[in-house]
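To start, the structure itself, in structure tokens.
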Amino acid sequence: MGKRIQKKARRAARRRRRWRNSIIGVLLVGGAIAAFAATRPAAPDPSLPALVAEEISKGPAEAPVTIVEYGDFNCPSCRAYHQLGIIDQVLAQYPDQVRFVWRHFPIITPASPELAEAAECAADQGAFWEFHDLLFDAAPTRVGQMTGFAEYLGLDAEAFDQCLASRGYRAAVEVQTREAFGHGFRGTPSFMINDTLLAGPPNYQYLISVIEGQLN
């Protein structure tokens, strides 16, 4: 990685850390794998952070519909849902109208919180989604495998290891976990589509119906 790219990655990492630190301490306190349950409207809660463009996401920041997934990289249901490719299908169908945000809800295995932190360290080098996909492809995984994954993706392994060892993203991951509990979620994956909560993974047809409802 060239010096210019490294400098850009470090600047991006600092911006992301500053944003994450600004929301720590504002959430409600609230694991198991959940099957798809029912939907219910979420009352606006001023103690929870608003969706913002700085989050790691796919799709335009100004999209009228935002889908948030609260997931765990060692969750079998999350992995199965990822492999179905439903979110990618939706984004392809609504390229200007839907944005997808990932939030960590690492409750399935003891390793899950550090896997979430590892993904954030990969994001520092602009490779969150590549690391996200690799974690699911190889799941279940262990913390000891993370450096090998970083090397496989061509990341700066030394910088990655330093980031992971520092546990610099632990607080941010804990914030997102408390946020999920604050919404009443108790399993993964869980979803929020604008103000609609989905406790469990929606199939393609149901997800489209919720999106259309939001657009209309």
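The values are calculated or read from the model by the stated rules, or taken from the named source; none is laboratory data. None of these values were measured; they are calculated from a predicted model. Note: ideal-geometry Cβ built from the backbone for every residue, glycine included; neighbour counts use all protein chains shown.
Answer yes or no: is there a residue in the stretch 158-176 that is farther than 15 Å from E117 by Cβ, out of contact with any Leu (no Cβ under 7 Å at 6 or more places or on another chain) and of a type outside the set (S, T, Y).
There is at least one residue in the stretch 158-176 that is farther than 15 Å from E117 by Cβ, out of contact with any Leu (no Cβ under 7 Å at 6 or more places or on another chain) and of a type outside the set (S, T, Y).
Can you pull out the residues in the stretch 187-211 that are farther than 22 Å from A119 by Cα and outside any helix (DSSP H, G or I)?
I193, N194, D195, T196, L197, L198, A199, G200, P202, N203
Quick grid of which residues meet (1) in a helix (DSSP H, G or I); (2) at pLDDT below 95; (3) closer than 22 Å to S57 by Cβ; (4) under 12 Å from the mean Cα position of the chain (by Cα):
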{"residue": "P95", "(1), (2), (3), (4)": "no, no, yes, no"}
{"residue": "R99", "(1), (2), (3), (4)": "no, no, yes, no"}
{"residue": "T109", "(1), (2), (3), (4)": "no, no, no, no"}
{"residue": "L115", "(1), (2), (3), (4)": "yes, no, yes, yes"}
{"residue": "L135", "(1), (2), (3), (4)": "yes, no, yes, no"}
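Do we find a residue being buried (at least 17 other Cβ atoms within 10 Å of the Cβ), touching a Lys or Arg at 6+ places or on another chain (Cβ under 8 Å), within 17 Å of P202 (Cβ to Cβ) and charged (D, E, K, R) anywhere in the stretch 76-84? Give the steps one after another, and end with the answer.
Within the stretch 76-84, the first condition is being buried (at least 17 other Cβ atoms within 10 Å of the Cβ), and the residues that meet it are 77-79, 81-82.
When the remaining residues are screened for being touching a Lys or Arg at 6+ places or on another chain (Cβ under 8 Å), the result is none.
No, because not a single residue in the stretch 76-84 is buried (at least 17 other Cβ atoms within 10 Å of the Cβ), touching a Lys or Arg at 6+ places or on another chain (Cβ under 8 Å), within 17 Å of P202 (Cβ to Cβ) and charged (D, E, K, R).
Residue-by-condition table, conditions (1) crowded, with 17+ Cβ neighbours inside 10 Å; (2) under 16 Å from V101 (Cα atoms):
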{"site": "E151", "(1), (2)": "no, no"}
{"site": "C163", "(1), (2)": "yes, no"}
{"site": "Q176", "(1), (2)": "yes, yes"}
{"site": "I193", "(1), (2)": "yes, yes"}
{"site": "Y206", "(1), (2)": "no, no"}
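For the stretch 56-93, name all the residues that are of a type in the set (D, E, K, R) and in a strand (DSSP E or B). Before the answer, list the steps.
Initial filter on the stretch 56-93 (of a type in the set (D, E, K, R)): 58, 62, 69, 72, 79, 88.
Residues satisfying the conditions are K58, E69.
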